[in-house]
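Worksheet: one structure, shown below.
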Amino acid sequence: MKTEKCEKTMDDFMMLDKNERLPIAITLHLLSCKKCRTQVRYLTLAEKYTGEYLRPTAELQIKPVSMAKWIVCGIVMIVFMLMFGAFSSKINNQNLITAFYLVFGLIVTAYCAVFMGQNLDFFVKKITPKGSQG
């Protein structure tokens, strides 16, 4: 009977998220069961030691984001749009102008999507949800 309760308690403990508060049932069982308390202590130490190794490794793998090429491409796109806008007053075909702006809109959308896709790791690591600091 005690081993079933220990197994259920350890299963419940393993289902918890990191740093989540322990439910009262698990806390009471850990206070009364030395075997489970020792297992939880070993698991906590193992997570701590592996976390210390993984943290520097993850920091080494973050590749720096070079914004220069993205800024240059963006400026070139804006310059082309402004130039077309200046010269489009001489074009009488409204369908051609509309088609150009639709294609340009698609190019800008694709540019933004590729930028986000290429730098997703940067955005995920730099942006933290409100309330998760600590």
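The values are calculated or read from the model by the stated rules, or taken from the named source; none is laboratory data. These figures come from a predicted structure and were not determined experimentally. Side chains are part of the model used for accessible areas, which takes the heavy atoms of the whole protein and leaves out ligands, DNA and RNA. Shrake-Rupley method; radii C 1.70, N 1.55, O 1.52, S 1.80 Å.
In Å², and per residue, what accessible area does the range 1-55 have when probed at 1.4 Å with the other protein chains present?
Details: 4740 Å² over 55 residues.
Result: 86 Å² of accessible area for each residue.
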Amide hydrogen neighbours beyond the local backbone of residue 22, cut-off 5 Å, H modeled: none
